[in-house]
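The values are calculated or read from the model by the stated rules, or taken from the named source; none is laboratory data. Since we're looking at a predicted model, the values are computed, not measured. In this analysis, Cβ positions are derived from the backbone assuming ideal geometry, glycine residues included, and neighbour counts consider all displayed protein chains. We work out accessible area using only protein heavy atoms, side chains counted, and drop any ligands, DNA or RNA first. Shrake-Rupley method; radii C 1.70, N 1.55, O 1.52, S 1.80 Å.
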Amino acid sequence: MSAVLFGVLAVLALVAALLVFSVGSMARATFALLASLVCAGGEVVVLGLPYLGLVTVLMMVMEMVVMAVFMVAYMMDPAGLTQMSMVHNKRGSLVISAGVFVALAAGILLVRWPERTGTRPADTTFQLGESLMGGQMLTMITLGFVLLATMVGATVLATRRGRYDRFGDDLDQRPARDPVGGGVGR
Amino acid sequence: MVDAAPWWSLFVAPALLPALAVFAVAADALLIAREAGRPAGVVTAGRRLLEVPRLLVAQPRRTPSSDTLLRRAGVVTVPVAAVLAVLVVPFGRRTVGDLSVGVVWFNAMEVLTWAGLWMSGWGQNAAFSLIGGYRYLAQGLAYELPLMFALISAATGAQSLRVGGVVAAQHGLWFAVWMPFAFAVFLTSVSAFSFLGPFSYPAGRDIAGGVLGDTSGADRLLLQAGRWLWLAAGAAMAVPLFLGGGAGPGPAPWAWSLLKTLAVLVALVCIQRRFPMVRADRYVEFAWVVLVPLAVLQALVPALVVLNR
């Protein structure tokens, strides 16, 4: 049963991934990619890691939808009224992708798979949390801070607004002169 | 405490949820009639439901060169995701799929609505419906983080992502009692992901109905049904998460589940009519500056309680 499901999801993921490069509009390409990633998330669930699989689906839906907004905003022809394509450098990309696919597929078939040692854990979510938050706690905390600092830093660098133009040279201008209205306290 | 139901329950859940949604629509119609000073009776509620056959037989209108594939996919996704979301919600002692990560499942299905609504807004190839789709995403970015922290609070308090486990952990004391802020945030977010009441910004009147604007016939019915199905699904999920599930003295657990769900649903419908529409840009600032820090603090409470246990 799960083997059949695995196969079906794998084929669907592959078909959707191919659609990304054959459809004519940015919106369709985005959601074809989303479909492929949702199938990949389903594979992870089938493999016995329900938490990781569902979080993949959850995160990818949010990420792809936000990506659709930005991609559509920056594309010259987002609606695909004239055909657009996600493929650039056709011959080169075809060679590279085929090569990677063959290498990975060959790896699956050629590598000697390790035998399972011990029994299958009852709750893989718990085990996952323990291995992430137990032994790797310091790594996770450091990663979290670095990621947050990156996001805040990137936003600060990208925005033209700063505290001086909002609060004045002495930071005593109340209320803040905000170019965007609404929100808290206004 | 909560067991998996037999296979045929897979067909009961999709039947029960629309019944709850119809109940909410009828309650909403009665409230409107009462506020307008019209007689509020069975006829009033029934007239609103006449919309269903009317939309089913209506001649569909089409916008030129619409993206039919994405529009259809989006329109179908909204109600289907709502039905899929309640598969993990226990009804009494039974649940259709007692997933070990039920809380995450509900959240993932809810986020699918983002994709669905944006696709249907985009697919119509009309400016206002596209703006409506964008508005839902902006609203989503506003309500999602507080909602996630509310879900995390309940899951932390129960030390389980299994919805049945969350119910079992409330033996004696409901989470709504000692996590009132998380409960309030969850209920607010239910309105937000159903884009109803104060959160009807994506389908606002100022953009001629937004995502609903250029839909007609069965498409419009599915989107409208999706909103109310999501409201019902959210109310149903609030019961196991914060109101002790089917626990209660006297009648059978399923009766308590139904009763509590109906109570939450009526409360949601009543409260919604009390508030004006909130713009997403205003709510996002409120959500990130006020709600998220408070929600993190709220999540800290069950974490400390569990650590000390």
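For chain B, the longest principal axis of the C-alpha atoms and the axis of helix B:253-272 are separated by about 50°. Computed from the C-alpha gyration tensor, the three semi-axes of the ellipsoid equivalent to the stretch B:1-111 are 31, 24, 12 Å, from longest to shortest. Over the stretch B:167-214, the reciprocal of the mean inverse Cα-Cα separation, the Kirkwood hydrodynamic radius, stands at 12.7 Å. Each of A:Gly129, A:Gln173, A:Met75 was scored by the projection of its Cα onto the charge dipole of chain A, and the greatest displacement toward the positive side belongs to A:Met75; charges sit on the C-beta of Lys, Arg, Asp and Glu. Of the residues in the stretch B:101-115, those shielded by at least 20 Å² of accessible area once partner protein chains are present, compared with the chain alone at a 1.4 Å probe, are B:Val101, B:Val104, B:Trp105, B:Ala108, B:Val111, B:Leu112, B:Trp114, B:Ala115.
Here the stretch B:188-214 and the stretch A:91-133 have alpha carbon centers that stand 43 Å from each other. What size of dipole, in debye to the nearest 20, comes out for chain B about its Cα centre when the only charges are +1 on Lys and Arg C-beta atoms and -1 on Asp and Glu C-beta atoms? Charge dipole of chain B: 580 debye, to the nearest 20. About its Cα centre, the dipole of the stretch B:13-69 is roughly 200 debye, where the only charges are +1 on Lys and Arg Cβ and -1 on Asp and Glu Cβ. Alpha-carbon geometry of the stretch A:1-133: the Rg and the Dmax are 18.2, 58 Å, given in that order.
Protein-only accessible surface at a 1.4 angstrom probe places the residues B:Arg205, A:Arg28, B:Arg71 in the order B:Arg205, A:Arg28, B:Arg71, largest first. Each of B:Leu20, A:Gly99, B:Val296 was scored by the projection of its Cα onto the charge dipole of the protein assembly as shown, and the greatest displacement toward the positive side belongs to B:Leu20; charges sit on the C-beta of Lys, Arg, Asp and Glu. Taking the Cα atoms of the protein assembly as shown, the ratio Rg/Rh between the radius of gyration and the Kirkwood radius comes to 0.97. For chain B, the solvent-accessible area works out to 42 Å² per residue, with a probe of 1.4 Å and every protein chain left in place. A helix-only calculation puts the protein assembly as shown at -22000 deg cm²/dmol for mean residue ellipticity at 222 nm, using -39500 (n - 2.57) for each DSSP H run of at least four residues, averaged over all residues. Computed about its Cα centre, the charge dipole of the protein assembly as shown is approximately 840 debye, with only Lys, Arg, Asp and Glu carrying charge at their Cβ. The angle between the Cα long axis of helix B:68-85 and the longest principal axis of the Cα atoms of chain B comes to about 30 degrees, rounded to the nearest 10. Each 5 Å bin from zero holds the following percent of Cα-Cα pairs in the stretch B:202-292: 3, 11, 13, 16, 18, 16, 10, 7, 4, 1. Partner shielding of A:65-73 amounts to 4, given as the average count of beta-carbon atoms from other chains within 10 Å of each residue beta-carbon. Here, P(r) means the percent of Cα pairs in each 10 Å bin from 0 to the largest distance; for chain B it is 6, 27, 35, 23, 8, 1, 0.
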